[in-house]
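Below you'll find the structure, written out as structure tokens, and then a few comments.
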Amino acid sequence: MKLQNYQKRSLAGTKVSIDGQEYQLDTSGSLPVSQDQLQWGFELKHDAPLPLYLNVKSTGQRRGLSLLDNGYQVQKFWYDRNGTEVDVSSGILPAKQGDLFTVVVEVDRTKSGYGADLLVTDLLPAGFEIENATLGDPTIDGLTLDFEQGMKPSYTAPMDDRFIAHFDNRWKQGSFAYVRYSVRASYETNAVIPDAVVEEMYAPEINGRSNITASLVSAK
């Protein structure tokens, strides 16, 4: 947890107490907070001459496997090298070493009003790597998915452990987009397929997450 004043001056030497325990801040402005305090709350006092703002960032595995819609509905689909959708309704993606897949992330804005600066982040499951491959176009009920429809990303980047896409256009309720990339199942593993995450960069409370599933990669 960090404390920062609005003029971004050094906080070194500022005295802060949490539930009566006094601390002296260093230049980082960091403070120790226990899990109980995060869960049940705490009292904070300080002697800084200027207003302080409390910034808290938490990380960890979320509860539940279902998609989360906080303004955006996010769905992730897997297609084989021929463009046929792979059924993961059982919660497991079966694969053999060397199998190629197209991953499609669909984003739909469900919140009223407008939003912008949307970032899509999709972490790769263990055992998979992004591949620059030409695969069959994904189809739905025999119709080829049209990636020219919907909003277009201003930037995409395949990375070692994730795929990201940034949209700088203006979204409204009903706006949607498709992004896709290709992956290869590289080695045998049982792994969690993380959820694709979408959030507005300047309003991160407006976000969405896809379902969490699993993968089972076996030897070819």
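Summary of values
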| quantity | calculated |
| --- | --- |
| Theoretical FRET efficiency, 1/(1+(r/R0)^6), r = Cβ-Cβ of Glu205 and Asp168, R0 25 Å, to 0.05 | 0.80 |
| Length gained when the stretch Thr110-Thr134 is fully extended (0.36 nm per residue, less Cα-Cα span) | 5.4 nm |
| Out-of-range pairs (alpha-carbon distance over 32 Å; input Lys76/Lys96; Lys76/Lys172; Lys96/Lys172) | Lys96/Lys172 |
| Contact order normalised by residue count of the chain, Cα under 8 Å, 6+ apart, percent | 25 percent |
| Positive-end extreme of charge dipole, the chain - chosen from Gln37, Gly150, Phe163 (charges on Cβ) | Gln37 |
| Whole-number percent relative contact order across the range 123-175, with pairs defined as alpha carbons under 8 Å at least 6 apart | 34 percent |
| Two-decimal Rg/Rh across the chain, once Rg and the Kirkwood Rh are taken from alpha-carbon atoms | 1.09 |
| Two-site label geometry, Asp146 and Tyr187: point separation in nm, points 7 Å out along Cα→Cβ | 4.4 nm |
| Within the chain, helix-based [θ] at 222 nm, where runs of 4 or more DSSP H residues each add -39,500 (n - 2.57), nearest 500 | -500 deg cm²/dmol |
| Where labels lie 7 Å past Cα in the beta-carbon direction, separation of Leu54 and Phe176 in nm | 4.2 nm |
| Ranking of Trp40, Trp78 by count of other Cβ atoms within 10 Å, fewest first | Trp40, Trp78 |
| Antiparallel content of DSSP bridges confined to the chain, in %, to 5 | 90 percent |
| Within the chain, longest stretch clear of exposed GluC sites (Glu not before Pro) (DSSP loop, no more than 13 other Cβ within 10 Å) | 44-147 |
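Read the figures in this text as sums done on the coordinates, not as results from a lab. All figures in this text were calculated on a predicted structure; none of them were measured in a lab. Please note: Cβ atoms are built from the backbone with ideal geometry, for glycine as well, and neighbour counts cover all protein chains shown.
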